[in-house]
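I have placed the structure first, in the form of structure tokens, so that the comments after it can refer back to it.
The values are calculated or read from the model by the stated rules, or taken from the named source; none is laboratory data. No experiment lies behind these values; they were computed from the predicted model shown. Cβ placement follows ideal geometry from the backbone for every residue including glycine, while neighbour counts extend to all protein chains displayed. Keep in mind that these areas ignore ligands, DNA and RNA; they rest on the heavy atoms of the full protein, side chains included. Shrake-Rupley method; radii C 1.70, N 1.55, O 1.52, S 1.80 Å.
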Amino acid sequence: MTLTNTPNKNTLRIGCASAFWGDTGAAAHQLVNGGQLDYLVFDYLAEMTMSIMAGAKMKNPQAGFAPDFIHTLKPLLGKIKSQGIKVCSNAGGINARGCAQALASVVEQSGLDLVIAVVEGDNLIAQQTNFTQVSEMFTEQALPDELTSVNAYLGAPSIAAALAAGADIVITGRVVDSAVVLGPLVHEFGWSWQDYDKLAQASLAGHVIECGTQATGGNFTDWHLVCDGYANMGFPIVECEQDGSFTVSKIDGTGGLVSRETVAEQILYEIGDPCAYHLPDVICDFSRVILKQTGNNKVHVSGATGLCPTEQYKVSATYLDGFRTSATFMIGGIDAAHKGQVVAQAIIERVRGLFKLKQLNDFDDVNIEILGSEATYGAHAQAQATREVVVKIAVSHQDKRALGVFGLEIAQAATAMAPGITGLVGGRPKASPRLCLFSFLLDKTLVDASYALVNGSDDSLMSVSVPSGRINEHKLSQWKSNELTPYDDGKVVPLVELALARSGDKGDHCNIGVIARDPRFLPFIEAALSESAIGQYFAHMLSEHSVVSRYQLPNIHSINILMTHCLGGGGMASLQIDPQGKAVAQQLLAMPVMISQTVLNQVKGA
């Protein structure tokens, strides 16, 4: 469908009411009642979420979407209608049609005239036999024999087309997170799909608010500055201009903090190379973004640029690789961490002996973490003398019966092993499918992006023309060394004195954004956080396949770090306590950095 070039509005206010499946339902009430919105968007999906939904659909073919979305919207439909708010959400997961039909039933019961559209085409599970020539885009692994889900990351054209067709609520399956913001902006402002700088700015707006309160003080390094507290966090609103620039804010009187720093942390979140952030509709360059504090809890964002997208979609598939389970219990007393490690190892060895008797193979993987002893810090741990820890033993096996044997042997440790064992969390551990991620690239011409108005006058599925992009030889970021001025008054301080940081996952990869507290600190940070130094510091996390890369964002005095293959497979495949790398930045902030005492004094004095 061709969109008009006539803008419907001069500015557009969009609020995000969900950062993930499980976020608070109160956010939508807050934004509808006080946000003066044009659009309300919800983001529910991540690689891990798709794995969970795939598992749910294996048990129940009617499942596979986020029912929270329907429960949250139901009491708000009247106000959404009266205020003229339109809604976009990827709550459809791997069953978008089922989600749209369930909401349509609720709308019908309410007697309201709200048109619901479903965006489809991302779910490629029926075509998996056609993908025999593909390989995993990060590991070159061959395609597994059987996949449990296959979903292309669609862009925004189908969303914009559904809105142009009269939809009030658009429900998608797997789209890139920012698409639920880009689609409305293209529709309302009449942009061309070749307005790449505007598409990049709009995608940045979507990226900033897609994680909800992470843009308004949640997960913020300087958490003590969130002076209004966390009890009533304000969810983010972007007020977008026709040129693509936007202002981030929240509702007055709500908790949280919108500052250059909170927005900068979110911009760096999980983007990899900021010069080449690949999305289906545009390749974004965020390296020259400009942030300006324009008022209390108001930050203006500009400077993103864009390039023509590639010819391919990224596709995320999941496959079953045996089963997994975990046991968690507390152990207390002198030398608790050492006792916990000894007990955990003894349990594993005992179960291995039983496996041999029962002619079962060994575990596929075993992961023991002594929580409370700074287990995630590896060699940098400083809490080995603690007198209270939680022992976590996670294991995987191809045979579910083997994990049943493991589950039966945990409780006996309380009377047969070291003293102080108590508090077996969750009772006897149960096995669950181990779902692994498999990502590959697929030509856009092989994916039929479409939409349908499920409760409109015509519910026919309408194909949408998607710009196919082209083969691009995009130049990746080139590191530009900032030479340090010679100094002889060095002082070692933890990184947290010089910088903010936030981390997150991209499948099995971990992204860490680091933002200098003052531009004068940046050369020292860059010198200390070399790729080799980062690799050494995180040696306890990295695998033989890991690669450490770093990138610069000079306008916001930042660097972005990407560590590949370091999360134990990530998501539902990982046995680690932090499979999404959320706490990795907190480890990095303890890293020692050498800085000139004079520079440190100058900044603190200023």
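Given (1) within 21 Å of the chain's Cα centre (by Cα); (2) closer than 30 Å to A317 by Cα, where does A539 come up short, assuming only one miss?
Among (1) within 21 Å of the chain's Cα centre (by Cα); (2) closer than 30 Å to A317 by Cα, A539 violates only (1).
Which one of the conditions (1) at pLDDT below 95; (2) open to solvent by 20 Å² or more (accessible area, probe 1.4 Å) does T564 fail to meet, given that it meets all the rest?
Of everything listed in (1) at pLDDT below 95; (2) open to solvent by 20 Å² or more (accessible area, probe 1.4 Å), T564 misses just condition (1).
Exactly one of these conditions fails for L31: (1) more than 17 Å from the chain's Cα centre (by Cα); (2) not in a helix (DSSP H, G or I). Give me its number.
(2)
Tally the residues that are assigned to a loop (DSSP other than H, G, I, E, B), within 22 Å of F355 (Cα to Cα) and β-branched (V, I, T), restricting the search to the range 404-432.
1
Could you list, in sequence order, the residues of the range 343-379 that are at pLDDT 95 or above, small (G, A, S) and surrounded by fewer than 17 Cβ atoms within 10 Å (Cβ to Cβ)?
Within the range 343-379, A346, G353 meet the criteria.
Enumerate the pairs (first residue in the range 332-351 and in contact (Cβ under 8 Å) with a residue 12 or more places away in the chain and under 20 Å from L403 (Cα atoms); second residue anywhere and in a helix (DSSP H, G or I) and among the aromatic types (F, W, Y)) with beta-carbon separation below 6 Å, excluding pairs fewer than 6 apart on the same chain, so at least 6 apart or on different chains.
V351/F406
Within the range 295-303, is there a residue that is modelled with pLDDT of 95 or more, more than 21 Å from T216 (Cα to Cα) and not in a strand (DSSP E or B)?
There is no residue in the range 295-303 that is modelled with pLDDT of 95 or more, more than 21 Å from T216 (Cα to Cα) and not in a strand (DSSP E or B).
Is it fair to say S110 is in contact with a helix residue (DSSP H, G or I) (Cβ under 9 Å, 6 or more places away or on another chain) and crowded, with 20+ Cβ neighbours inside 10 Å?
no
Kindly provide the set of residues from the range 418-467 that are open to solvent by less than 40 Å² (accessible area, probe 1.4 Å) and without any contact (Cβ under 8 Å) to a residue 24 or more places away in the chain, ordered by number.
Passing the criteria: only G427.
Looking at P274, is it of a type outside the set (A, V, I, L, M, F, W, C), over 29 Å from H29 (Cα atoms) and open to solvent by less than 10 Å² (accessible area, probe 1.4 Å)?
Considered against the rule, which asks whether it is of a type outside the set (A, V, I, L, M, F, W, C), over 29 Å from H29 (Cα atoms) and open to solvent by less than 10 Å² (accessible area, probe 1.4 Å), P274 comes out as yes.
Considering only residues that are open to solvent by less than 50 Å² (accessible area, probe 1.4 Å), aliphatic (A, V, I, L, M) and closer than 23 Å to F138 by Cα, which ones fall in the range 542-558?
Result: L542, V548.
Sort out which residues of the range 252-268 are open to solvent by 10 Å² or more (accessible area, probe 1.4 Å) and farther than 22 Å from G34 by Cβ, and write them in order of number.
If the condition is that a residue be open to solvent by 10 Å² or more (accessible area, probe 1.4 Å) and farther than 22 Å from G34 by Cβ, then R260, E261 are the ones that fit.
State all residues of the range 277-301 that are closer than 19 Å to S192 by Cα and open to solvent by less than 30 Å² (accessible area, probe 1.4 Å); if no residue qualifies, say none.
L279, P280, D281, V282, I283, C284
Return yes when N219 is surrounded by fewer than 22 Cβ atoms within 10 Å (Cβ to Cβ) and over 19 Å from the mean Cα position of the chain (by Cα) and no when it is not.
Judged against the criteria, N219 is not a match.
Residues being crowded, with 20+ Cβ neighbours inside 10 Å, charged (D, E, K, R) and not in a strand (DSSP E or B): count how many of those fall in the range 491-515.
Adding up the residues that qualify gives 1.
How about the range 51-85: which of its residues are in a helix (DSSP H, G or I), of a type in the set (A, V, I, L, M, F, W, C) and open to solvent by less than 10 Å² (accessible area, probe 1.4 Å)?
If the condition is that a residue be in a helix (DSSP H, G or I), of a type in the set (A, V, I, L, M, F, W, C) and open to solvent by less than 10 Å² (accessible area, probe 1.4 Å), then M53, A54, F69, L73, L76, L77, I80 are the ones that fit.
Does K392 meet the test of being in contact with an Asp or Glu (Cβ under 6 Å, 6 or more places away or on another chain) and not small (G, A, S)?
Here the answer is yes, as K392 does meet what is asked.
Suppose we filter D488, D518 for residues that are over 27 Å from the mean Cα position of the chain (by Cα), closer than 27 Å to Q602 by Cβ and open to solvent by less than 50 Å² (accessible area, probe 1.4 Å); which single one remains?
D518
Quick test of your reading of the structure: D122 fulfils all but one of (1) under 24 Å from A573 (Cβ atoms); (2) of a type in the set (D, E, K, R); (3) surrounded by fewer than 24 Cβ atoms within 10 Å (Cβ to Cβ); (4) in contact with a Gly (Cβ under 7 Å, 6 or more places away or on another chain). Name the failing condition by number.
(3)
May I ask you to list the residues in the range 224-260 that are modelled with pLDDT of 95 or more, among the hydrophobic types (A, V, I, L, M, F, W, C) and more than 30 Å from W191 (Cβ to Cβ)?
Within the range 224-260, M233, L257 qualify.
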